[in-house]
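Okay, so here's the structure we're looking at.
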Amino acid sequence: MADAVRIGVLGDFNPEFRSHHATTDSIQHAARKLQLKVESEWLPTPSLTAPNAEKILESFDALWAAPGSPYKSFDGMLKGIEFARRRDWPLLATCGGFQYALIEFARNVVGIADADTAENNSGSKNIVIYPVACAVPNRKKDAPKLSGAVPEIRLRPGSYLQSFYGKDKDTTKEEFFCNFEVNPEYEWCAMEAGFPIVARGAGGEIRAIESPTHRFFLATLFQPQLSSTEKKPHPVVLAFVQAAADWGRKKLDDSVLE
C-alpha cells in the first residue's frame, strides 16, 4: 500500500463550525473517489510562526487555508500561505483563506506593508478586504451578508478553475458563508502579483483567483467543501487532492534520485 497523501489544513479547528467539518469531510469524499489514502491534519495558526514551522509544512503534500477568520494568529495564516506561494506547494484557500491570500500578496509581493482586512479594525489605510457590499436577499436570520447557495458565478474561459468543472461550463452555483470580500479598489494587487481573477459574481465581484505558474494554487471566496458529498465530491476539491497526490509522488521520486 502506497503511503498516504498528507494534507495540512491551516486554521484553528472549531467543532461548532460546519465549514470546518465540511473541509475534513470533503477531502475524504475526493480521496475515496480517486481511490487514494489521504490523511488531513489541522495546523493551528499560532504554530505557523514557530521556528520549525517550515519544516512541518514541508512534511505535507498540499495545504488548505481554511475558513474561520479572524484567526488566532494573523501572522501565522499569512506565513502558511506565503510558504505555499514561495515554495510552490499545492494550496487551496477558501473563504477566510482566500481573503488572507490577497493580503499576503499585497504585503509580500506588491509591497503594501499595511495591507489588511477591515475585520481587524487596525486603522490601516490599505484595506484590501472590506465588508460585503451587496447582501444576499432572503438569507437565514443572523447569517452572514454573503451566505447560502449563490448562482451565476462566472468562470473565466480557459482557466484551470473552469477546467475542473468541465470545458463547457461557464457559470456555477456555489455556497458562501462570509461577511467580507475583496475591495475592488485593490483588485489590481492580485493581477500585479501574478494571480489572475478566474471567477466573478453577478456584479463583477472577485470570487476566485489562481496562479498559472504554480503547481496548484487556487483561492476561492466560496466554500466548495460545503456542497461536496460522498456521492458527488466537489470538482475543485477533487483537483486539489489529485494535485497533492501528484506532488507527493514527485517529492518521493526526487528523493530517490538524490
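Would you say residue 187 is surrounded by 19 or more Cβ atoms within 10 Å (Cβ to Cβ) and under 28 Å from residue 90 (Cβ atoms)?
Working: surrounded by 19 or more Cβ atoms within 10 Å (Cβ to Cβ): no; under 28 Å from residue 90 (Cβ atoms): yes.
Considered against the rule, which asks whether it is surrounded by 19 or more Cβ atoms within 10 Å (Cβ to Cβ) and under 28 Å from residue 90 (Cβ atoms), residue 187 comes out as no.
Looking at this structure, is residue 139 of a type in the set (D, E, K, R), touching a Ser or Thr at 6+ places or on another chain (Cβ under 9 Å), within 25 Å of residue 18 (Cβ to Cβ) and assigned to a loop (DSSP other than H, G, I, E, B)? Give the derivation first.
Details: of a type in the set (D, E, K, R): yes; touching a Ser or Thr at 6+ places or on another chain (Cβ under 9 Å): yes; within 25 Å of residue 18 (Cβ to Cβ): yes; assigned to a loop (DSSP other than H, G, I, E, B): yes.
In short, yes.
So for the stretch 132-153 (the condition being surrounded by 17 or more Cβ atoms within 10 Å (Cβ to Cβ), farther than 20 Å from residue 90 by Cβ and at pLDDT 95 or above), does at least one residue qualify?
Restricting attention to the stretch 132-153, the residues satisfying the condition of being surrounded by 17 or more Cβ atoms within 10 Å (Cβ to Cβ) are 132, 144, 146-147, 150, 153.
Pick out the ones that are also farther than 20 Å from residue 90 by Cβ and you get 132, 144, 146-147, 150, 153.
Imposing the further condition that a residue be at pLDDT 95 or above reduces the set to 153.
The answer is yes; a qualifying residue exists.
Scan the stretch 41-90 residue by residue and report those that are surrounded by 21 or more Cβ atoms within 10 Å (Cβ to Cβ), of a type in the set (Gly, Ala, Ser) and either out of contact with any Phe, Trp or Tyr (no Cβ under 8 Å at 6 or more places or on another chain) or in a loop (DSSP other than H, G, I, E, B) (or both).
Passing the criteria: 66, 68, 69, 76, 80.
So, restricting to strands (runs of 3 or more DSSP E) that lie completely within the stretch 193-252, which ones have at least 1 residues that are touching a residue at least 60 places away in the same chain (Cβ under 8 Å)? Explain how you work it out, then say what you get.
On the way: elements: 197-200, 206-210, 217-220.
Qualifying strands (runs of 3 or more DSSP E): 206-210, 217-220.
Looking at (1) touching a strand residue (DSSP E or B) at 6+ places or on another chain (Cβ under 7 Å); (2) closer than 19 Å to residue 219 by Cβ; (3) touching a residue at least 40 places away in the same chain (Cβ under 8 Å); (4) not in a helix (DSSP H, G or I), which is the only condition residue 6 fails?
The single condition residue 6 does not satisfy is (2).
For residues that are surrounded by 13 or more Cβ atoms within 10 Å (Cβ to Cβ), out of contact with any helix residue (DSSP H, G or I) (no Cβ under 6 Å at 6 or more places or on another chain) and either basic (Lys, Arg) or not in a loop (DSSP other than H, G, I, E, B) (or both), tally how many sit in the stretch 157-168.
Our first condition is that a residue be surrounded by 13 or more Cβ atoms within 10 Å (Cβ to Cβ); within the stretch 157-168, this holds for 159-165.
Narrowing further to those that are out of contact with any helix residue (DSSP H, G or I) (no Cβ under 6 Å at 6 or more places or on another chain): 159-163.
Keeping just the survivors that are either basic (Lys, Arg) or not in a loop (DSSP other than H, G, I, E, B) (or both) gives 160-163.
Qualifying residue count for the region: 4.
Take the stretch 92-131 and flag every residue that is crowded, with 17+ Cβ neighbours inside 10 Å and at positive phi.
95 - this is the single residue of the stretch 92-131 that is crowded, with 17+ Cβ neighbours inside 10 Å and at positive phi.
Which ones in the stretch 202-250 are of a type in the set (D, E, K, R), touching a helix residue (DSSP H, G or I) at 6+ places or on another chain (Cβ under 9 Å) and exposed (fewer than 14 other Cβ atoms within 10 Å of the Cβ)?
Within the stretch 202-250, 230, 231, 232 meet the criteria.
Just one of 42, 89 is within 14 Å of the chain's Cα centre (by Cα), of a type in the set (Phe, Trp, Tyr) and at pLDDT 95 or above; which is it? First the steps, then the outcome.
Values: 42 fails: within 14 Å of the chain's Cα centre (by Cα).
The match here is 89.
The values are calculated or read from the model by the stated rules, or taken from the named source; none is laboratory data. Please read all numbers here as calculations on a predicted model, not as lab measurements. Cβ coordinates were reconstructed from backbone atoms using ideal geometry, including for glycine residues, and neighbour counts include every protein chain displayed.
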